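No value in this document is a laboratory result; all are computed from the given coordinates. Source: prediction; values computed, not measured. Cβ sites come from the backbone with ideal geometry, for glycine too, and all protein chains shown count toward neighbours.
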Amino acid sequence: MHRYAYVPVRRVRGILQAIGCQQIREGGEHRNIANSEQIYQFLVRHLGEKDATFCGDYDLPFLMLDQEPDDLKRQILGDVPIISKEPLEDDVEVSFPSKDGGWKTLPDGRRVYIK
């Protein structure tokens, strides 16, 4: 069931496409299942089956990363084009406030201070 747990909203698709997951496409509900499977297969291929689910958080690390400044995205992802798009109807607006000042936990578990 892991392969169906990724919500392929525009911001998640944008980050994944930037790092090489070219199989995912825009589209309505009929594409969501196929996109979720493509995301899962891409992550398994690059991270392994255990790490591909991000401890059950699935697409949430990508939503969190999208909220970060572009320089931090480049630090984490390397020199890939950052796709900055206005949210559309399939996007979710999510804010991840920090409870301990400017400290944030990155998807790989590192803690960084954001001013």
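Things worth noting here:
- Residues of segment 3-37 with amide N under 19 Å of a point placed 7 Å along Cα→Cβ from Arg74: 15-20
- Considering only alpha-carbon pairs that sit under 8 angstrom and 6 or more positions apart, the relative contact order computed for segment 1-55 is 39 percent.
- Protection proxy ranking for 52-59, 11-18, using the average of other Cβ atoms within 10 Å per residue and placing the highest first: 11-18, 52-59.
- For Met64, Met1, order by how many other beta-carbon atoms lie within 10 Å, fewest first: Met1, Met64
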